[in-house]
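Asks: I'd like to ask some things about the structure below.
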Amino acid sequence: MENQNPDRFTPPALFSLPPSPSEGDDRLYVGAVRKALSVFYAFQEKDDPLSLSEIAARTGIGRSAAQRFVHTLRILGYLQQDPATRRYRLTARMLDFACAYLRNDPLVAAAFGYLREASRRTGETVNLTRRDDDQIIFVARFTSTTVISADLVIGSRLPVFCTSPGRAMLAHLPAAVADDILSAGPLHAHTPHTITDRKALTTRLEDVRRNGFETAFQETFSGDLSIAAPIFRKDGRVCAAVNIAVATPRWSPERVIDELAPVVVETARAISANGW
């Protein structure tokens, strides 16, 4: 999503490992795998390399255990260590997992051409997102030729409740599921425009079902205007959303609805009908 703020903005990392099952609940559960993955997650909120002590503190697995996991991941090529500072960072080999996902997700393959065409028609940023609990994940992205200052790339996450693709999907979930998501925790305002009132959000979801699209105007980033439409599986379940993100002052909310709503709705319907 776009933003006119000249300062480089990095959205907060929102993802974390799920909690471990209670002891005895799952005899097949391998706790060591979770601990190894927690090392990767330790890097999510910091651009700079991490020391072993920082990794141990962020993972909560203890320095001795952290040292063994870090050493193993370095030998396997997923971490690299600076010889001078002794600090660690992730390597490009981590991208293997992202590439494998993109190659194996049928939705991405089905949507690719339609997203590219929507971007060509509008000259603006077009995104494909999926939902993961109370967050959306960007799984495909065609950027505009204009400057984008928000650090959103494939894999970025944002809250469901204050994004147009999030609410476009939320509107077509079972009512109980949508209510659970909105009630799971506090809804923090990202800008002065963020809608945090649950009754107001419920009304917005009703509008989505009636209109076929949703908007979020400067709710996540100042200067960002976003419009989205839901994508459905063959069985009618909502599974993703396509959105177009533009910026003020080049666009007004009225112009977004007039010119871009038909494009996102048409694109989402074409992807839904593609038979994947």
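Asks: What residue, among those in segment 54-80 that are among the hydroxyl-bearing types (Ser, Thr, Tyr) and in contact with a helix residue (DSSP H, G or I) (Cβ under 7 Å, 6 or more places away or on another chain), is surrounded by the fewest Cβ atoms within 10 Å (Cβ to Cβ)?
Replies: Tyr78
Asks: Of all residues in segment 163-185, which are open to solvent by less than 40 Å² (accessible area, probe 1.4 Å) and either among the small types (Gly, Ala, Ser) or under 24 Å from Asp235 (Cβ atoms) (or both)?
Replies: Those that are open to solvent by less than 40 Å² (accessible area, probe 1.4 Å) and either among the small types (Gly, Ala, Ser) or under 24 Å from Asp235 (Cβ atoms) (or both): Ser164, Pro165, Gly166, Arg167, Ala168, Met169, Leu170, Ala171, Leu173, Ala178, Ile181, Gly185.
Asks: Let me ask another. Mind listing whichever residues of segment 218-249 are in contact with a strand residue (DSSP E or B) (Cβ under 9 Å, 6 or more places away or on another chain) and surrounded by fewer than 16 Cβ atoms within 10 Å (Cβ to Cβ)?
Replies: Arg233
Asks: Considering (1) under 18 Å from the mean Cα position of the chain (by Cα); (2) within 14 Å of Ala228 (Cα to Cα), say which one Asp132 fails and leave the rest.
Replies: That leaves (2) as the condition not met.
Asks: Hey, another quick one. Can you report the number of residues in segment 250-276 which are open to solvent by 80 Å² or more (accessible area, probe 1.4 Å) and closer than 14 Å to Ala168 by Cβ?
Replies: Of the residues in segment 250-276, 1 are open to solvent by 80 Å² or more (accessible area, probe 1.4 Å) and closer than 14 Å to Ala168 by Cβ.
Asks: Let me ask something else about it. Quickly run through segment 95-107 and pick out the residues that are touching a helix residue (DSSP H, G or I) at 6+ places or on another chain (Cβ under 7 Å) and either closer than 14 Å to Phe40 by Cβ or among the basic types (Lys, Arg) (or both).
Replies: Scanning segment 95-107 gives no hits.
Asks: How many residues does segment 29-39 hold that are in contact with a Phe, Trp or Tyr (Cβ under 9 Å, 6 or more places away or on another chain) and either surrounded by fewer than 17 Cβ atoms within 10 Å (Cβ to Cβ) or more than 12 Å from Leu73 (Cβ to Cβ) (or both)?
Replies: Residues that pass the stated criteria total 1.
Asks: Same structure, new question: Looking at (1) open to solvent by 50 Å² or more (accessible area, probe 1.4 Å); (2) within 30 Å of Ala184 (Cα to Cα), which is the one condition that is false for Arg89?
Replies: For Arg89, the exception is condition (2).
Asks: A further question on this structure: Could you list all residues from segment 144-162 that are open to solvent by 10 Å² or more (accessible area, probe 1.4 Å) and either touching a helix residue (DSSP H, G or I) at 6+ places or on another chain (Cβ under 8 Å) or under 22 Å from Thr196 (Cα atoms) (or both)?
Replies: Answer for segment 144-162, where residues must be open to solvent by 10 Å² or more (accessible area, probe 1.4 Å) and either touching a helix residue (DSSP H, G or I) at 6+ places or on another chain (Cβ under 8 Å) or under 22 Å from Thr196 (Cα atoms) (or both): Ser144, Ile154, Gly155, Ser156, Arg157, Pro159, Phe161.
The values are calculated or read from the model by the stated rules, or taken from the named source; none is laboratory data. Quick caveat, the model's predicted, so the values are computed rather than measured. Virtual Cβ from ideal backbone geometry, glycine too; neighbours counted across all protein chains shown. Please note that ligands, DNA and RNA were not included when accessible areas were found on the heavy atoms of the full protein model with its side chains. Shrake-Rupley method; radii C 1.70, N 1.55, O 1.52, S 1.80 Å.
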